[in-house]
Every structure is written in structure tokens, then in C-alpha cells.
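Below is one structure; the comments refer to it alone.
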Amino acid sequence: MQLTAQFEQAVEESKSLSVRPSNDTLLQLYSLYKQATEGDVNTDPPSNPFDFVSKAKYEAWVNLKGKSKEEAMHDYTDLVDKLKG
């Protein structure tokens with residue numbers, strides 16, 4: 001199966017996991033998804049210093065800077081497979 005199709009399937013499967021992943025895992029899924037679909041971070045950091053969720057999401061995505069979209073798709077797919085058990 002083509003990587004893009006596997007990635008799209010993993011995105012759908014991630015929405016119906018039997019157990020809710022931890023916050024750290026959710027951040028990992030978020031950042032891998034953003035890297036796979038948009039590439040390196042392309043927005044300004046959150047301006048509200050008390051918006052901890054947005055700040056964590058932004059920082060998780062920034063940490064993947066330089067990772068190729070294909071590698072992020074592969075990592076996302078692997079993580080969802082691991083979460084499915």
C-alpha cells in the first residue's frame with residue numbers, strides 16, 4: 001500500500017482507538033500529523049503565555065523541524081499501529 005494511503009488510514013484509525021492515548025502521545029500524534037501534512041512549522045508561536053496547550057503543540061511541532069513529510073507519515077503510521085496493539 002502506498003505511504004499516503006497508509007497515512008490516511010492511520011489518521012482515520014487514530015480517531016477510533018479503544019483507549020485514549022496519554023497527553024504526551026497525543027502531542028506526538030499531533031506534531032507528526034502537522035509535519036506530515038504541512039512540513040516544518042510555518043506559524044508564529046502562540047502569543048498568550050498562559051495558553052499552555054497551544055504552546056505545547058507548537059513546541060512539539062517545532063521539535064520535528066527538518067523531518068521529511070514521508071518520514072513523519074511513516075512515524076505516524078507506526079505509532080498508530082503500536083497504539084492499536
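Applying a threshold of 7 Å to beta carbon distances and a minimum spacing of six or more residues, or different chains, the list of pairs starting in the stretch 63-82 at a residue that is of a type outside the set (G, A, S) and ending at one that is part of a loop (DSSP other than H, G, I, E, B) reads K65/D40; K65/V41; K69/G39. Taken as a whole, the stretch 73-81 holds no residue that is at pLDDT below 95 and loosely packed, with under 13 Cβ neighbours inside 10 Å. Summed over the stretch 1-31, the residues that are exposed (fewer than 14 other Cβ atoms within 10 Å of the Cβ) and polar (S, T, N, Q) give a count of 7. On the stretch given as the stretch 13-23, residues that are closer than 16 Å to D78 by Cβ and not hydrophobic (A, V, I, L, M, F, W, C) total 3.
The values are calculated or read from the model by the stated rules, or taken from the named source; none is laboratory data. Nothing here was measured: the structure is a model prediction, and the numbers come from that model. All Cβ positions, even for glycine, are placed from backbone atoms using ideal geometry, and neighbour counts span all protein chains on display.
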